[in-house]
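I have placed the structure first, in the form of structure tokens, so that the comments after it can refer back to it.
The values are calculated or read from the model by the stated rules, or taken from the named source; none is laboratory data. Every value quoted in this text rests on a predicted model; they were computed, and no experiment measured them. Here the Cβ positions follow ideal geometry from the backbone for every residue, glycine too, while neighbour counts run over all protein chains shown. In case anyone asks, the SASA skips ligands and DNA or RNA and just uses the protein heavy atoms, side chains included. Shrake-Rupley method; radii C 1.70, N 1.55, O 1.52, S 1.80 Å.
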Amino acid sequence: MTVAAAPTTRPNPARRDRIFHIGMAVAFLITAIVGFGPSYFFKPVHPSPALIPLLHVHGLVFTAWLVLLIVQSGLVRADRVDLHKRLGIAGAVLAALMVILGLLVAIDAARRGTSADGMDPLAFMIFPFGQTLMFAGFTGAGLWQRRRSEIHRRLILLGTICLMTPAISRLVDKRSALAAFLTVIFVIVALIHDWRSRGRVHPVYMWGGAIILLSGPLRAVFGNSAGWHAFARFLVGS
């Protein structure tokens, strides 16, 4: 008498995709907490310079975005797409606030002479400025494509990846070039997930990943141009 082997059940691709996005959202929040822990999250128990109100608000909104991303991913995992769509309005408001605050923080940092890797503060300003604009582009496109979930969630993920570089830079002694390189690891993880779960990489990740990868060298070149310096001086008011 032979006993038939029980059929091997393979995880549903959609289910794996939902779990992946929850995992990425949690990874983003952990990266932010570890990176900004001494200067923001653990400030009451870690001596560090006082923060101006703008940075407090920026940190609060940034954290709210990451927490909302986890909640939204969890709602999709739980098949509560109806509530996910309602909270999407809050996400759109937070995204708009983050763009405004991100640009203001970049300008304020240049005024205070903040820099890295020995760069001129005005030249360095193009990096946080560019990260904020890329977040705006990816996230705005994601909200526009909210009815096309395959595209929507990938664009939102890419937009959030753009915001991870400042947190990562604090883990590598503010070496901005290395931080930008390490940020791309999040994109690589997304590419690998797509390849393993779908057998191919979605074009959004291909094009978006290329934009993120190439943006660093392009900003480094453009940031040292006379045109950017004139624009930066205008924004800084010097």
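Scanning the stretch 18-34 for residues that are in contact (Cβ under 8 Å) with a residue 12 or more places away in the chain, over 15 Å from V81 (Cα atoms) and not β-branched (V, I, T) returns F20, M24, A25, A27, F28, L29, A32.
Can you find a residue that is farther than 16 Å from A220 by Cα and either at pLDDT 95 or above or buried (at least 17 other Cβ atoms within 10 Å of the Cβ) (or both) anywhere in the stretch 111-129? No, the stretch 111-129 has no match at all. Filtering the stretch 198-228 to residues that are more than 24 Å from L122 (Cβ to Cβ), in contact (Cβ under 8 Å) with a residue 60 or more places away in the chain and either hydroxyl-bearing (S, T, Y) or open to solvent by less than 40 Å² (accessible area, probe 1.4 Å) (or both) leaves only G208. Considering (1) more than 18 Å from T165 (Cα to Cα); (2) open to solvent by 40 Å² or more (accessible area, probe 1.4 Å); (3) in a helix (DSSP H, G or I), the lone condition that Y40 does not fulfil carries the number (1).
Could you list, in sequence order, all residues of the stretch 92-108 that are out of contact with any helix residue (DSSP H, G or I) (no Cβ under 7 Å at 6 or more places or on another chain) and among the small types (G, A, S)?
Of the stretch 92-108, the ones out of contact with any helix residue (DSSP H, G or I) (no Cβ under 7 Å at 6 or more places or on another chain) are 93, 96, 100.
Result: A96, single match.
Restricted to helices (runs of 4 or more DSSP H) entirely inside the stretch 88-180, those with at least 1 residues that are under 14 Å from the mean Cα position of the chain (by Cα), of a type in the set (F, W, Y) and closer than 23 Å to A232 by Cβ are 126-144. All of (1) over 21 Å from A167 (Cβ atoms); (2) assigned to a helix (DSSP H, G or I) hold for D79 with one exception: (2). For the stretch 57-75, the count of residues that are among the aromatic types (F, W, Y), open to solvent by 40 Å² or more (accessible area, probe 1.4 Å) and either touching a helix residue (DSSP H, G or I) at 6+ places or on another chain (Cβ under 9 Å) or not in a loop (DSSP other than H, G, I, E, B) (or both) is zero. The requirement of being over 14 Å from the mean Cα position of the chain (by Cα), at pLDDT below 75 and open to solvent by 50 Å² or more (accessible area, probe 1.4 Å) is fulfilled somewhere in the stretch 15-25, by at least one residue.
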